[in-house]
1. Heavy atoms only, 1.4 Å probe, whole protein assembly: order Thr170, Thr69 by accessible area, highest first.
2. Using a 1.4 Å probe, how large is the accessible area of Asp29, given in Å² and rounded to the nearest 10?
3. So what J values fall out for segment 68-75 if you push phi through Karplus, 6.51 cos²θ - 1.76 cosθ + 1.60 with θ = phi - 60°, rounded to Hz, Gly and Pro as x?
4. Hey, what do the phi angles of segment 112-127 turn into as Karplus ³J(HN,Hα) couplings, whole Hz, using 6.51/-1.76/1.60 and θ = phi - 60°, x for Gly and Pro?
5. Return one whole number: the accessible area per residue of the chain in Å², for a 1.4 Å probe.
6. Between Met89 and Asn52, what length comes free when the chain is fully extended (0.36 nm per residue of separation minus the Cα-Cα distance, one decimal in nm)?
7. Lys136: net charge of surrounding residues, Cβ under 14 Å, Lys/Arg +1, Asp/Glu -1, itself excluded?
8. Note the full-extension length gain between Asn120 and Glu67 as 0.36 nm times their separation in residues minus their Cα-Cα distance, in nm to one decimal.
Amino acid sequence: VHIIAYDSAEKERIISVLIAEEIDMSQVDFIISENDDYWIRDNGPIFVLDQNGTPTIQNWGFNGWGEKTPFEKCAVIPAEIASELGIAMVDVDLINEGGSVELDGNGTLMAKKSSILNGNRNPGISKKEAEAVFTKYLGVTNFIWLKGFKGGDITDDHIDGTARFVNGNTIVTLREEDAYPGEYKVLENATNKNGESYEVVGLPFSQNKLPGSEEKGIYVNFYIGNEVVLVPNFDDP
């Protein structure tokens with residue numbers, strides 16, 4: 001686990017918390033860098049392999065989800081990580097949070113127009129122009145676009161809260177009755193770069209409302225690691 005700590009005092013506080021939980025600290029390292037927020041999936045680097053198979057960091061622009069929050073410190077996090085790790089970095093001329101895009105690992109990218117094609121991120125950009133950037137830097141040639149909902153939340157409706165790839169031919173998403181109108185049908189009709197349909201699996205909301213909210217929890221926003229899946233359970237049986 002790689003943790004970005006705001007400063008040395010925060011690093012020591014984090015270490016004390018982890019030790020109290022009996023975490024194996026040999027499996028944890030730190031980079032010290034001031035930051036504005038904690039959504040590293042959105043403001044952090046995207047790691048890729050270049051044409052020679054060399055690990056490279058891509059620094060996609062970050063502007064606080066359309067200048068909704070302070071972002072100057074978070075915007076330099078990719079450069080800080082590249083410097084710390086000694087990995088080459090490429091700047092990409094497109095505002096794109098990590099949670100805005102979902103890849104199947106085989107040439108298909110899934111995203112929402114409401115975040116990427118939004119005037120608060122990339123004013124005046126067309127879908128075709130955005131696709132050209134994704135093709136150049138992520139190697140994708142097939143696209144699944146959902147409309148999304150501008151202003152629904154701070155992210156303008158990121159794909160990572162609606163639909164995710166779990167393997168080469170399966171999309172996990174919200175149930176049709178819970179999805180933004182029309183989006184479930186788009187996923188049902190979507191095909192991979194070879195023209196093959198995906199299996200679409202719908203997940204329910206949590207049974208219980210989130211604490212202090214009228215909203216229910218969404219299980220779609222999980223993380224698949226090498227040997228573990230992290231998924232919110234909302235203390236919901």
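The values are calculated or read from the model by the stated rules, or taken from the named source; none is laboratory data. The structure displayed is predicted, hence computed values, not measured ones. When we count neighbours, we look across all protein chains shown, and the Cβ atoms used for this are built from the backbone with ideal geometry, even at glycine. All accessible areas refer to the heavy atoms of the entire protein, side chains included, with ligands and DNA or RNA removed. Shrake-Rupley method; radii C 1.70, N 1.55, O 1.52, S 1.80 Å.
1. On the way: Thr170 15, Thr69 35 Å².
Largest accessible area first, the list is Thr69, Thr170.
2. Rounded to the nearest 10, the figure is 70 Å².
3. For segment 68-75, the Karplus-derived couplings read 8, 9, x, 9, 4, 6, 5, 5 Hz, x marking Gly and Pro.
4. Running phi through 6.51 cos²θ - 1.76 cosθ + 1.60 with θ = phi - 60° gives 10, 5, 5, 9, 6, 8, 10, x, 7, 10, 10, x, x, 6, 9, 4 Hz.
5. Working: 13320 Å² over 237 residues.
Ligands and nucleic acids excluded, the result is 56 Å² per residue.
6. Details: separation 37, 0.36 × 37 = 13.32 nm, distance 1.47 nm.
Answer, rounded to one decimal: 11.8 nm.
7. On the way: positive: Lys128; negative: Asp50, Asp91, Asp93, Glu129, Glu131.
Residues close to Lys136 contribute a combined charge of -4.
8. On the way: separation 53, 0.36 × 53 = 19.08 nm, distance 0.72 nm.
Full extension from Asn120 to Glu67 adds 18.4 nm.
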